[in-house]
Each structure stands twice: as C-alpha cells, then as structure tokens.
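See structure below.
The values are calculated or read from the model by the stated rules, or taken from the named source; none is laboratory data. Quick caveat: nothing in here was measured; it's all calculated off a predicted structure. No Cβ is skipped: glycine too gets one built from the backbone with ideal geometry, and neighbour counts run over all protein chains shown.
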Amino acid sequence: MTTPLRDRRRGLLAGSLAVAAALTLAGCGSSDPAPDSAGSSAKTRTVSTANGDVEVPASPKRVVVLDSGELDSAISLGVRPVGATHSASEDGFPSYLPESETKGITPVGKIANANMEAVAALEPDLILSSKVRDGDRYDQLSKIAPTVMTEATGSAWKENFLVHAEALGKQAEAKKVLATYDTQVAKVTKALGGKEKAAATDVNFVRFVEGAEIRIYGKQNYIGSILADIGTGRPAITDKAEDGFSYDVSPERIDLADADVIFTSTYGDPGKAGTTKTMRSGLWKELRAAKNDKVFKVDDRLWIAGIGYTAAGKILEEFETSMTK
C-alpha cells in the first residue's frame, strides 16, 4: 500500500492498446528457453529490469512480492505468491483481493522494510519489487533469489505489469487481462454517455492524509491513468499538480477541489486526517459536487494503493455504479 510519502517518479501513461503492443514486443524480446545438451528446455530466461538483465526460472514456483502492485500483478496473472509484504498501517493483505487467492500467503514484513530472514526462510525462486521500495536492498535480495525490480510504482503500473508478466512467464495470461480491462473501460465510457459526455464531466480525486495536507490528485498517478482511460474531464487545478502527482491544499483552500464529481478517500484516521472537519465545512458544501450529491467516498486501499489490474477492475465497477446512480 502507498504511504503518506508520495511517489514523485513520473511514469508513462500508456493506453491499454499500447500496452498490449508492448507486451507482444516484451515477449519477443525475452530469451526463450533454449534446448540444453540433453535436448530438454533450459531452466532459466532473461528478463530486462531496472537493474539490468536478470536470469529467472523459466517457470517460477515460489514467488515473493514486496509491494501491493506486485501482489496485484501476481494475483491477476493467476499466481499465488508464497510470501508478501503489507502496509505499515495494515495487518493483512488488501481486502479487494479474493480471499481464496491470498489465503496461505506468508507475511514477510512491511512494504519498503521486508524482513530478510522471513523472505529467505520461504526459499523463493523469484522476488518481485521496485527500486523506489527496495533499491537499497537489491544486493541482499539477489543473494536470496533472482530479483526483478521495476523503476517505480504508481503511474507506471501498466509497464510494471508487463515486466511482472515476463518474469512470471505469464505473457499469454497478461494479454487476456489487458483485453478484459479494455472491454470494461469501453463499457464504463459508454455508460457515461459516450466519449464526448465523459470528457465534459470534470472528475477530481481528493485524498485526506493523516499527518499531511489534503491531496488533489493530478494526472500522473494510478487513479489519474484510469480516469484518462475512461476519458473523463479533469479540473484545471490538476494541471498544477507537482510532478503531475498532486496539488496539496489546506482545509482553508479546499474550494480549489471544485469539480462536477469528487471521489474521496482517507489514509489513516478520518479525524486526524481532517476528513470529517473539512467535509462539514462551508467551503466544502459550496463545491459543485457537494451541492449536486456527487461526492463519493471510496476505499483508499483499493483506489490509491491497489495499483494493478485486479484493483482497476474493481475501481471501474464502483466508478460506473456511482456515476450512473
């Protein structure tokens, strides 16, 4: 799960069709198992990662994932990791993931602070993470098992998924995931009245964060990329977001969040994060979305921290339900 420490790395916002094309290229670019001297298939493949080429098992069986995006990718591709980290603010794995798919996964510490002994004890044959989370532990992790890292998390989730799919040897399954996502996005856009009506509706995402200012999310992040795929409009304030990530405001400037529709989530305690006080204020009540009953509270662990295709599917479902009430 994400923490109040924002990810300021800018990822590429690619449409799913472009991602599908990249997936095909990624599959062609990886080294296919070559016959060994005995005539059987080789036992490893080469994957291009943020740390260079890494040799991974042709068919990894014991995978450990060290962030929520990697966990989502694995589950989306039909792989149940033997171990995974969890957020510092939560004890278990995200509830949006099917319990049947997370049952039996061993916790190995907190995101960005995995317990190395716990990871090693699981005897993994593949580890998935990112440099922004575990870059300083890469050498240590690589001594335990082949470690595949992407550069960052957040807006680069689609590109990261391709790397995860290649590392897991699940390119064919990945293509099906992408196709399902494209179909669902088209369905949601149609439910909004088509591309023109979707584009004419300004949608904001406001996140209340315990210990930090209120975040009006920009376009260079996970939820921003999903809204872009749907084709909704975004208020002008989102163009002022630092590094495209978010424009932070105090409760006294919440009027800047004005939009036709506002989705909100809270990281931490709603009282300490200022959610309750802000949403009861006169400034909030004057927002167009508030006046028109178009403010929707959503689960932070799903909409902000999911960072994957399984989460995206759930988000699209909830988005369509909210927007078509």
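Among the residues of region 132-141, is any more than 27 Å from E210 (Cβ to Cβ) and β-branched (V, I, T)?
no
Can you pull out the residues in region 91-101 that are over 17 Å from the mean Cα position of the chain (by Cα) and touching a residue at least 24 places away in the same chain (Cβ under 8 Å)?
E101, the sole residue that qualifies.
Does region 239-255 hold any residues that are buried (at least 18 other Cβ atoms within 10 Å of the Cβ) and in contact with a strand residue (DSSP E or B) (Cβ under 7 Å, 6 or more places away or on another chain), and which are they?
A241, S246, Y247, V249, I254
Scan region 107-130 residue by residue and report those that are surrounded by 18 or more Cβ atoms within 10 Å (Cβ to Cβ), farther than 17 Å from D91 by Cβ and not hydrophobic (A, V, I, L, M, F, W, C).
P124, S129, S130
Does region 279-303 hold any residues that are in contact with a strand residue (DSSP E or B) (Cβ under 6 Å, 6 or more places away or on another chain) and either among the aliphatic types (A, V, I, L, M) or without any contact (Cβ under 8 Å) to a residue 60 or more places away in the chain (or both), and which are they?
A289, K294, V295, F296, K297, V298, listed by residue number.
Quick check on this structure: which one of R234, R215, R253, R280 is charged (D, E, K, R) and within 23 Å of T324 (Cα to Cα)?
R234
Residues are listed down the side, and each one gets a yes or a no for (1) touching a residue at least 60 places away in the same chain (Cβ under 8 Å); (2) part of a helix (DSSP H, G or I); (3) assigned by TED's automatic domain parsing to the domain that holds D260; (4) under 30 Å from A259 (Cβ atoms):
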{"position": "R133", "(1), (2), (3), (4)": "yes, yes, no, no"}
{"position": "Y138", "(1), (2), (3), (4)": "yes, yes, no, no"}
{"position": "K143", "(1), (2), (3), (4)": "no, yes, no, no"}
{"position": "V148", "(1), (2), (3), (4)": "yes, no, no, no"}
{"position": "S155", "(1), (2), (3), (4)": "yes, yes, no, yes"}
{"position": "N160", "(1), (2), (3), (4)": "yes, yes, no, yes"}
{"position": "H164", "(1), (2), (3), (4)": "yes, yes, no, no"}
{"position": "E173", "(1), (2), (3), (4)": "yes, yes, no, no"}
{"position": "E196", "(1), (2), (3), (4)": "no, yes, yes, yes"}
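Condition check: modelled with pLDDT of 95 or more and either aliphatic (A, V, I, L, M) or in the same structural domain as S155 (by TED's automatic domain parsing) (or both). Does D125 satisfy that?
So D125 passes the test.
Name the single residue, out of those in region 280-299 being out of contact with any helix residue (DSSP H, G or I) (no Cβ under 8 Å at 6 or more places or on another chain) and surrounded by fewer than 22 Cβ atoms within 10 Å (Cβ to Cβ), that is farthest from T150 (Cα to Cα).
Result: G282.
Tell me whether region 99-106 contains one or more residues that are closer than 22 Å to A152 by Cα, crowded, with 20+ Cβ neighbours inside 10 Å and modelled with pLDDT of 95 or more. Before the answer, list the steps.
In the first step, residues of region 99-106 are kept if they are closer than 22 Å to A152 by Cα; the result is none.
Within region 99-106, not a single residue is closer than 22 Å to A152 by Cα, crowded, with 20+ Cβ neighbours inside 10 Å and modelled with pLDDT of 95 or more.
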